[in-house]
Ligand SMILES: Nc1nc2c(c(=O)[nH]1)N[C@H]1C(S)=C(S)[C@@H](COP(=O)(O)O)O[C@H]1N2
Ligand SMILES: [Mo]
C-alpha cells in the first residue's frame, strides 16, 4: 500500500465534491463577468497535479460525471495492454516530462514544441462531456483542456491543410503493449480540418481538475465528443497537416468496421453489433441501456459539418 499524506482524510472530500464545489463557484464568477480578467491565459501542468484557475465551460452536461475511480481504472490504451484494467496497472512506465510535440506538413510554423510552449498562451476550461466507446459503453467525464483549434491556428496551416493527423508516442521501453501487433504503431488518428477546428474538439490535459493520469493519455490527448472513443488519441507527440485523408490505426486494422469519420450514430451499426444503445457505466450491472444519440448528443453543434455527406457510406 502506498503511503498518503493527507491533512484531511480522503473520505472527507472526494474529487467529485471538490470538483462540484469549485464548479459552482466558478459559475457564479462567470455570471458576474469576473473571470476573463482574472484568469491568466497561461496554462501549464502544475507540479502538485491540481489545476488552478480554470473556466467553467457553459456548455457542460448537467448529468453527474462518472467517478474518478471509474474514469481512471476502466480504460482503452492498447500500448499498455488490451484489458480494461491494463492501462491503470501498466502506464506508470510512461515518462511524460519532458514532453514535446512535432508539428509537420502543410503549415507555416513547423517545428518541435515543448509541452510548456504548447500550453502557455491558453486558458484551461472544465468541460463535462459524454464519452462513448465503439464497444457500446459510455461515461460522462469532466475533462480539463482548451479548444484544439486555438492551438492549430498558432501553427498557421496553409490552404492545402485539409486534414490533421495525430500520432501517439511509440516507445517499446515504456509501452509493453507495443510488442503485440494488434494495431499499426504508432497509434494514429485523423480529423478533417473543419472537425479539428470545431470548438467542441478539446485538447485535453486533465480530468476532475487534476493532471491526466498516464492511463488516460497524459500529458496531452484529444477529446472529440461526437465521435467514438478511438478517435480521441492519447499521449500525442506529433501533429501533421495534410492535403489527403490520413491513415488511422483502427481503419488500417479493420476498414469495414472503423471508418475515417466514426461519428457516433445509432442508425449505422457496427458490422458485428448494434450501435443503437449504450451501457452508461457506473449505473449498476442491471441498469437499463440508454438510447445512443446521433453525434453522441452534439448534433446541434456539429451536424452542419456533415450536411453534404452520406453518413452511411462515410461511417
Ligand atoms: N494511443 C492510444 N489512444 C487511444 C487508445 C489507444 O489504445 N491508444 N484507445 C482509444 C479508445 S478505443 C478509447 S474508448 C479511448 C479511451 O479513453 P479513456 O481511457 O480515457 O477513457 O481512448 C482512445 N485513444
Ligand atoms: Mo473505444
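Bear in mind that the values in this text are calculations on the coordinates, not laboratory data. Nothing here was measured: the structure is a model prediction, and the numbers come from that model. All Cβ positions, glycine included, derive from the backbone under ideal geometry; neighbour counts span all protein chains shown.
Structure summary
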{"item": "Per-residue Cβ neighbour rank within 10 angstrom, fewest leading, 126, 269, 108", "result": "108, 269, 126"}
{"item": "Percent of Cα pairs exceeding the 14 Å cut-off, where the set is segment 108-164", "result": "68"}
{"item": "Residue-span extension gain [residue 285 to residue 310] - 0.36 nm each, minus C-alpha spacing", "result": "5.4 nm"}
{"item": "Rounded Å value of the spacing that divides the Cα centres of segment 84-123 and segment 286-315", "result": "29"}
{"item": "Simple label model, 7 Å out from Cα along Cβ direction - residue 108 to residue 156, nm", "result": "0.3"}
{"item": "Segment residue 300-residue 277, length gained on full extension (0.36 nm per residue, minus Cα span)", "result": "6.3 nm"}
{"item": "Residue-averaged 222 nm ellipticity for the chain, from DSSP H runs of 4+ at -39500 (n - 2.57), nearest 500", "result": "-4500 deg cm²/dmol"}
{"item": "Within a Gaussian network of the chain (alpha carbon springs, distance under 10 Å), most fluctuating of 59, 209, 105", "result": "59"}
{"item": "Whole-angstrom Cα spans of segment 138-225 along principal axes, big to small", "result": "39, 33, 25"}
{"item": "Fraction in percent of alpha-carbon pairs per bin - 10 Å, segment 38-181", "result": "9, 28, 39, 23, 1"}
{"item": "Order of 298, 228 - criterion: other Cβ atoms within 10 Å of each residue's Cβ, fewest first", "result": "298, 228"}
{"item": "Square roots of 5 times each gyration tensor eigenvalue, C-alpha, segment 55-306, largest first, Å", "result": "25, 21, 20"}
{"item": "Net length gained if the chain between residue 73 and residue 52 were fully extended (0.36 nm per residue, minus Cα distance)", "result": "5.1 nm"}
{"item": "Residue order, fewest to most beta carbons within 10 Å, for 227, 173, 234", "result": "173, 227, 234"}
{"item": "Share, in percent, of DSSP beta bridges within the chain that are antiparallel, nearest 5", "result": "85"}
{"item": "Expected-Rg normalisation [2.2 N^0.38 Å, Cα atoms] applied to segment 189-249", "result": "1.13"}
